[in-house]
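Asker: Below you'll find the structure I mean.
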């Protein structure tokens, strides 16, 4: 009986993937909506109030969309991305949860050694069994991808301290163990955001919250090296909970850096989030790009 359950557990996702590959070749994307209007100076109040806002949802209620757990299992997708850029490192941590499969990845780039290959980690989890926690919104709770005590990614928002907390310990593709933790300062009341409530269809909402150029700090340890401080960092975050199209394609760039203002030679923080295709309007203009 146990072997049968294991067999079915593996077979169903494989058949779903195979069916998806066949269907993807014939898939036609849904029509895009009209322009959603200017950015609104508040938080969205309901998940069917489509538009762009400068403050995030405190709580997301999708109960009007579907009460079916089976439907949500196949259609509701979650994405959580955090990055930090310092003088020495550029670090990315991300978790994608599609319910029938979850995917987590880490990139660590040593900016002082441009000729050195960057460190990378990638892991998939069938039926998203590695997802131990799922954040309720971008400013409520944790998303936790856990394979073992030496392989996990935890992305949280601490309401009391008003910081994102990133805690990672993973084996990289070259065998090195990398661990890092850092905090990103963010207040939903004081900091401006790009919060988008987008109609994939009228009864199929997508919510995404993006912020860039946030101050951050922490530590990193690579292999047997001592911990290095991540100081004067700037960070980006991208959090999404959406009833996405079955086949979604997009172009995306997200980065926060400190540059120099050419007019006065003073440092300036730059945060960019550029997107195309996935959340465009009917004229091909992205509804989620921001600088």
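The values are calculated or read from the model by the stated rules, or taken from the named source; none is laboratory data. Note that the structure is a prediction, hence the values are computed from the model and not measured. Quick reminder, even Gly has a Cβ in these numbers, built from the backbone with ideal geometry, and neighbours come from all protein chains shown.
Asker: Can you spot a residue in region 215-225 that is under 18 Å from residue 120 (Cα atoms), without any contact (Cβ under 8 Å) to a residue 24 or more places away in the chain and assigned to a loop (DSSP other than H, G, I, E, B)?
Answerer: Yes, region 215-225 contains a residue that is under 18 Å from residue 120 (Cα atoms), without any contact (Cβ under 8 Å) to a residue 24 or more places away in the chain and assigned to a loop (DSSP other than H, G, I, E, B).
Asker: In the set 226, 232, which member is surrounded by fewer than 21 Cβ atoms within 10 Å (Cβ to Cβ) and touching a strand residue (DSSP E or B) at 6+ places or on another chain (Cβ under 9 Å)?
Answerer: When all the criteria are applied, what remains is 232.
Asker: Right, something else. Mind checking which strands (runs of 3 or more DSSP E) fall wholly inside region 122-168 and carry at least 1 residues that are within 17 Å of residue 107 (Cα to Cα) and without any contact (Cβ under 8 Å) to a residue 24 or more places away in the chain?
Answerer: 151-158
Asker: Give the residues of region 62-91 that are within 22 Å of residue 131 (Cβ to Cβ) and assigned to a strand (DSSP E or B), sorted by residue number.
Answerer: If the condition is that a residue be within 22 Å of residue 131 (Cβ to Cβ) and assigned to a strand (DSSP E or B), then 76, 77, 78, 79, 80, 81, 82, 83, 91 are the ones that fit.
Asker: Let me ask something else about it. Can residue 67 be described as modelled with pLDDT of 60 or more and more than 30 Å from residue 191 (Cβ to Cβ)?
Answerer: yes
Asker: Against the definition (modelled with pLDDT under 85 and out of contact with any strand residue (DSSP E or B) (no Cβ under 7 Å at 6 or more places or on another chain)), how does residue 35 come out, yes or no?
Answerer: no
Let's see how each residue does on (1) within 19 Å of residue 195 (Cβ to Cβ); (2) modelled with pLDDT of 90 or more; (3) outside any strand (DSSP E or B); (4) within 15 Å of the chain's Cα centre (by Cα):
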position: 231; (1), (2), (3), (4): no, yes, no, no
position: 237; (1), (2), (3), (4): yes, yes, no, yes
position: 242; (1), (2), (3), (4): yes, yes, no, yes
position: 249; (1), (2), (3), (4): no, no, yes, no
position: 252; (1), (2), (3), (4): yes, no, no, yes
position: 257; (1), (2), (3), (4): no, no, no, no
